[in-house]
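Chemist: Take a look at the following structure, please.
The values are calculated or read from the model by the stated rules, or taken from the named source; none is laboratory data. Computed from a predicted model, the values in this text were never measured in an experiment. Here the Cβ positions follow ideal geometry from the backbone for every residue, glycine too, while neighbour counts run over all protein chains shown. Note: accessible area is taken over every heavy atom of the protein model, side chains too, but ligands, DNA and RNA are not part of it. Shrake-Rupley method; radii C 1.70, N 1.55, O 1.52, S 1.80 Å.
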Amino acid sequence: MNNEWFMNYAEYAVRAIGIETHWYELRGWITKNGRHILIGDDGGGSSGGAGKSIDKSAKSGIIKSGAVSGALSPASKEAQAHAEQYYESVRKMKTDVKNISNNTDFSESDILQIKNHVFIVEHDLGGDVPERFYPNYAMAQSWQRLIEGKNIQKHDITLLHHEKMESDLMKKGLSQLEAHRISEKKYNYAKESREYYAEINKHSDRIKKNRS
């Protein structure tokens with residue numbers, strides 16, 4: 001089966017039955033080579049906007065925002081492209097661990113463990129070879145807010161708890177899938193971030209209606 005065709009068809013099918021907001025969860029199970037993969041259940045994220053670009057220096061790891069309104073949908077191709085670029089940037093960052101530790105109650109060693117788990121280390125995800133988690137726009141935006149220390153959301157902190165717990169469980173010998181399911185029962189990043197995005201979408205729709 002042609003992978004591009006499959007992705008396009010899956011997106012069409014999900015949106016056709018009226019659950020467009022959950023498409024970004026579905027694609028979290030599909031890699032470019034057709035295998036499924038879990039990425040923290042592909043939770044929601046922040047109000048990232050179109051017209052943003054990565055700081056090429058990769059020293060601060062901060063996304064430079066343009067003069068835009070509204071938010072990127074996590075399901076959009078723009079959001080996915082942004083996530084892929086941002087994940088690469090995170091891997092080169094030198095100050096994100098310290099900044100996030102300063103902006104939260106997590107130690108630098110905990111943040112480093114989380115960063116390695118989410119962005120760096122290749123895991124056994126059921127494929128032929130170990131792989132990194134598929135880049136996720138929402139998680140990229142959470143990481144950005146945690147670095148900046150501005151507008152940090154409840155689900156951003158939940159992300160840290162979830163990934164720390166998942167990593168600890170995997171170190172004890174659990175599979176990624178098992179560790180994820182257990183962690184999600186206590187720290188449900190997916191649910192919290194979906195609710196966050198739902199509010200953003202409502203706000204965006206109200207702005208559009210008022211302008212029309």
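Chemist: Restricting to the stretch 133-154, count the residues that are touching a residue at least 24 places away in the same chain (Cβ under 8 Å) and among the basic types (Lys, Arg). Let's see the steps before the verdict.
Modeler: Taking the stretch 133-154 first, the residues touching a residue at least 24 places away in the same chain (Cβ under 8 Å) are 133-149, 151-154.
Now narrow it down to the ones that are among the basic types (Lys, Arg): 145, 154.
Count: 2.
Chemist: When you go through 196, 134 one by one, which is the residue that is part of a helix (DSSP H, G or I) and among the aromatic types (Phe, Trp, Tyr)?
Modeler: Going through 196, 134 in turn, just one is part of a helix (DSSP H, G or I) and among the aromatic types (Phe, Trp, Tyr): 196.
Chemist: What do you reckon, is residue 113 assigned to a helix (DSSP H, G or I), in contact with an Asp or Glu (Cβ under 9 Å, 6 or more places away or on another chain) and open to solvent by 10 Å² or more (accessible area, probe 1.4 Å)?
Modeler: Values: assigned to a helix (DSSP H, G or I): yes; in contact with an Asp or Glu (Cβ under 9 Å, 6 or more places away or on another chain): yes; open to solvent by 10 Å² or more (accessible area, probe 1.4 Å): yes.
Yes; evaluated as a whole, the condition is true for this residue.
Chemist: Given the conditions (1) free of Cβ contacts under 8 Å to residues at least 40 places away in the same chain; (2) assigned to a helix (DSSP H, G or I); (3) out of contact with any strand residue (DSSP E or B) (no Cβ under 9 Å at 6 or more places or on another chain); (4) of a type outside the set (Lys, Arg), which single one is not true for residue 88?
Modeler: (3)
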